[in-house]
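The values are calculated or read from the model by the stated rules, or taken from the named source; none is laboratory data. These numbers were taken from a predicted model, which means no experiment stands behind them. A quick note on method: Cβ atoms are made from the backbone with ideal geometry, for glycine too, and the neighbour counts reach across all protein chains shown. The accessibility values were calculated without ligands, DNA or RNA, using every heavy atom of the protein model including side chains. Shrake-Rupley method; radii C 1.70, N 1.55, O 1.52, S 1.80 Å.
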Amino acid sequence: MEKRSLPYVEVTRTLPALESLQSTFEPQFSPGFRQRSPLSTDPGTSNMMSKLTQLTSMVSSLEEKVKTVLLEGSAVKHRRSLIPPIIFEVKADSLGIFQKTHLKVDVETGKLVIKKSKDGPDDKCYPSKKILQLIKSQKLPNKLVIVLETEKEKTLRKEYVFADSKKREGFCQLLQQMKNKHSDQLEPDMLSIFTGTWNMGDAHPPKDITSWFLCKGQGKTRDETADYIEHDIYVIGTQEDPLNEKEWVEILLRSLNEITTADYKLITIQTLWNIRIVILAKQEHAHRISHVCTNSVKTGIANTLGNKGAVGASFVFNGTSFGFINSHLTSGSEKKLRRKQNYFNILRFLIMGDKKLIPFNLSHRFTHLFWLGDLNYRVQLPNNEAENIVQKIKQQQYQELLVFDQLNMERIESRVFLHFQEEDISFPPTYRFERGTRERYCYTKQKATGMKYNLPSWCDRVLWKSYPNMHVLCQSYGCTEDIMTSDHSPVFATFQVGVTSQFVSKNNPTESDEQGHIELLNCKATLYTKSHTKFYIEFHSTCLENMVKSSEAEDQDGCNGTLIVMFGELPKLTPIISDLEYLLDQHLLICIKSSDTDESYGEGCIALGMEDPQQQPFSFSTPLTHHGEETGCFQGEIFLHAPCGKQREKLYDFVKIEKDEAVVQKHQIKSQSSQQWEQSFCVDQIVPNQVLANQVKQSPPGTPAGFKVTEQRAKPGSPVLGRGDTPVTPPARNPTSIQKFGPCPSARGPPSTRQQESFCPPASDDIPEMVDNPLYGPVNTGSNPLPGQNRPHKPPEPAPRKNPAVRQRSMTYSTSERKPAVLEKAAVKNVLSAMAPNSVTRPEIVAPKPRPPLPAKSHALRETQNN
């Protein structure tokens with residue numbers, strides 16, 4: 001009979017009976033003291049006593065175990081086991097012949113095993129220290145090269161082809177987790193961060209929301225082999241959240257306990273009405289997190305109601321600062337300008353981070369800044385295209401819709417989220433679903449004022465912005481399919497983020513008493529303003545003990561109405577630690593101010609790290625921004641005077657990207673275009689790669705791109721099968737009515753009246769070269785280049801910057817609008833559709849010269865002069 005089959009009641013009854021039976025064979029010498037009789041010589045009695053003693057101890061132990069199970073069984077959580085050994089079936093390249101083999105990854109023991117059959121013996125075993133690097137192929141998304149160390153410090157390259165790109169990505173993440181687990185470094189230099197945003201729709205969540213944290217659903221999702229890898233930090237942003245803080249945190253912790261083995265601690269929580277942000281971190285990182293700060297901004301009616309707005313939280317992880325913003329912007333397809341104003345208000349009035357960085361807005365105060373939430377940007381198409389939009393979604397032709405995504409259009413024209421990045425979208429619109437299902441978009445709603453349309457749109461987004469040369473890799477970006485209590489789907493995005501640990505110098509302090517310093521040479525600022533004044537620079541950095549202020553510099557007129565400020569001898573900056581290894585991880589924040597008003601005319605960030613520390617000085621160029629708008633460019637050279645050293649190898653450098661021939665040529669073109677951009681000081685326009693790729697596939701001008709009912713069948717597993725909640729028959733379309741919604745949305749020019757890239761499809765000879773994305777489909781691979789950099793034949797000439805005479809001073813206040821409301825009207829769209837693309841830009845305005853006062857004249861004469 002098994003011990004576990006004994007109920008607790010029977011065990012408690014059996015134990016006293018055994019004790020009384022044992023006492024009958026033992027004489028009592030004193031109360032509470034039992035001792036075997038030394039005079040007993042019967043061997044049968046001694047044997048029975050020994051067995052009874054063993055049985056008594058076993059039953060006592062069993063009683064304790066049963067008591068623990070019964071009393072604490074309800075509180076015991078189901079926890080996932082440690083990462084088990086995972087086997088990948090691959091094809092190995094041996095002299096051009098691919099043979100099937102198996103790779104076994106054992107994270108816990110830190111070994112990579114190579115064997116021919118899945119259940120066969122191990123052929124070769126490599127510990128984590130012998131695995132030098134993983135090299136991904138960009139040309140073949142499922143190919144991987146493993147660099148191994150053999151005897152006598154020789155290297156061996158092994159090429160493997162996985163079943164698909166997701167399997168390769170899961171293998172790389174497991175190997176990186178293994179290197180991190182068995183690394184000799186005491187402090188981490190890489191974190192895994194989960195960010196999630198969900199508009200809960202004022203409804204309680206379902207019992208199981210673990211698919212959200214496991215990144216299961218549609219889009220760029222995680223492979224099941226990497227499910228066991230836990231994230232270091234979880235950042236969850238919700239809108240229209242009906243729960244209280246304690247209830248929601250308990251749900252989150254319980255969900256994480258079901259899928260992870262780590263213990264998580266609540267770092268901070270911030271709530272504004274129904275907008276909330278929660279940050280959870282592993283217990284082992286609690287002592288590394290400091291300077292926690294929270295804040296909120298209301299952007300509702302008259303900026304006093306908190307039904308719309310943002311909540312933020314920030315902290316410092318060792319030597320790296322993090323900022324997170326969860327926002328709920330104004331809803332409505334026609335409220336694009338209001339959303340822009342919400343963005344600028346949040347950027348200016350959300351106070352977080354280091355108080356010494358007050359001259360800088362949020363985009364410069366943190367090493368890594370993540371902005372998530374229900375941004376409410378819609379697909380800008382007429383309501384009668386609703387059924388065609390649903391058809392495009394059923395056919396998973398998302399890129400033809402993303403061309404008309406308002407957020408993409410605004411970012412291309414540098415109106416909002418300047419220099420932010422977003423991973424390519426490969427999941428369906430997350431709004432507006434019928435509650436309880438993910439197979440119907442409920443895009444119509446009958447109201448007293450008439451029928452209201454909410455076209456399917458990507459309202460829920462995650463963007464980020466980091467200091468230059470910082471490692472940030474988005475590993476997943478998608479939405480769930482099984483959480484259906486709201487009309488929004490939860491969105492997840494996970495990141496691999498580089499951090500700097502507390503620095504400990506390896507040099508002997510007695511070897512060199514030389515005090516290092518940072519020297520800036522040949523610095524020049526180009527400002528998009530005509531305010532003639534004297535300027536100076538403020539230098540801020542965590543490597544400096546205090547802020548450093550430079551001397552004044554005179555300005556001079558530049559080309560195209562800009563100001564050129566030449567800074568002569570700048571002060572030498574003395575860092576806290578004069579070690580080159582330490583300085584290569586630091587950044588320098590600059591703020592160019594007017595001597596008359598101490599007002600900022602532009603802020604920027606310079607990375608002190610470089611590829612080859614021996615080649616000094618090295619040149620730099622950084623754009624200048626103020627309150628989220630581009631205001632100029634700052635360039636020069638930096639010389640680091642510090643003891644010899646080298647940049648420490650980072651754990652995230654363990655995985656590299658192979659530079660194929662086509663990719664190398666593409667990078668060369670990017671480099672040439674970047675140099676031209678720096679010389680002409682053009683404003684960086686962030687263009688989604690897939691948007692540019694799909695412009696080639698658009699229909700001819702005059703019809704929306706691809707918006708014709710096709711005979712193509714929906715792919716299996718399509719998330720959309722229905723229409724709105726009330727049958728709506730869209731009006732008949734005719735060529736004259738469709739032409740006003742052509743593939744080139746009318747775009748007004750910014751204050752500088754610089755020429756903008758339109759949505760018009762390029763010529764067939766200028767098709768941008770695309771590289772296969774290793775996770776989903778043939779798309780570009782990562783960073784968002786300038787619009788002209790995707791043309792491999794010849795680098796485009798940058799558009800000259802026209803005279804920015806609209807503003808007579810620096811672009812300080814972002815609240816000034818640029819006549820956008822006029823272009824939103826359908827009547828003006830009809831006019832603009834017939835105009836040439838070049839005629840859409842605003843005319844150049846020249847500031848009138850001051851004239852002496854004139855004597856009083858008649859009213860008619862004054863009107864004539866004014867006209």
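Quick notes on this structure:
- Whole-Å distance, taken between Cα centres, linking segment 271-323 and segment 545-574: 35
- When the listed pairs K392/K452; K129/K282; K139/K465; K207/K355; K158/K650 are checked against a 30 Å cut-off, the alpha-carbon distance exceeds it for K207/K355.
- Mean projection of the Cα convex hull over all viewing directions, computed for segment 242-387: 11.5 nm².
- A cut-off under 11 angstrom between Cβ atoms defines the neighbours of P205, and their net charge, with Lys, Arg +1 and Asp, Glu -1, is -2.
- Since only G568, L580, V548 are under comparison, the one whose Cα sits farthest along the positive direction of the charge dipole of segment 517-597, derived from C-beta charges on Lys, Arg, Asp and Glu, is G568.
- Annotation: peptides 430-437, 272-279, 143-150, 408-415, ranked by per-residue average of other Cβ atoms within 10 Å with the highest first, follow the order 272-279, 408-415, 430-437, 143-150.
- For the peptides 239-249, 364-374, the ranking by mean Cβ contacts within 10 Å, running from highest to lowest, is 364-374, 239-249.
- 5 angstrom amide H check on D374, placed H, neighbours 5+ away: S327, L329
- For segment 318-390: accessible area per residue (Å², 1.4 Å): 25
- Annotation: per residue accessible area for segment 547-618 equals 43 Å², rounded to a whole number [probe 1.4 Å, protein chains only].
- Under 9 Å, Cβ to Cβ, from I269 - net charge with Lys/Arg +1 and Asp/Glu -1: 0
- With both residues required to sit in segment 148-268, DSSP beta bridges show an antiparallel share near 20%.
- Rough spin-label spacing in nm, given labels placed 7 Å along Cα→Cβ, for Q283 and Q185: 2.5
- When the Cα gyration tensor is reduced to axis lengths a ≥ b ≥ c, the ratio a/c is 1.5 or higher for segment 328-381, and with a/b above b/c it is classed as prolate.
- Placed amide H near T631: partners under 5 Å, 5+ positions off or other chain: L624, T625, H626
- Fraction of accessible area attributable to carbon and sulfur, segment 273-379 (%, probe 1.4 Å): 54
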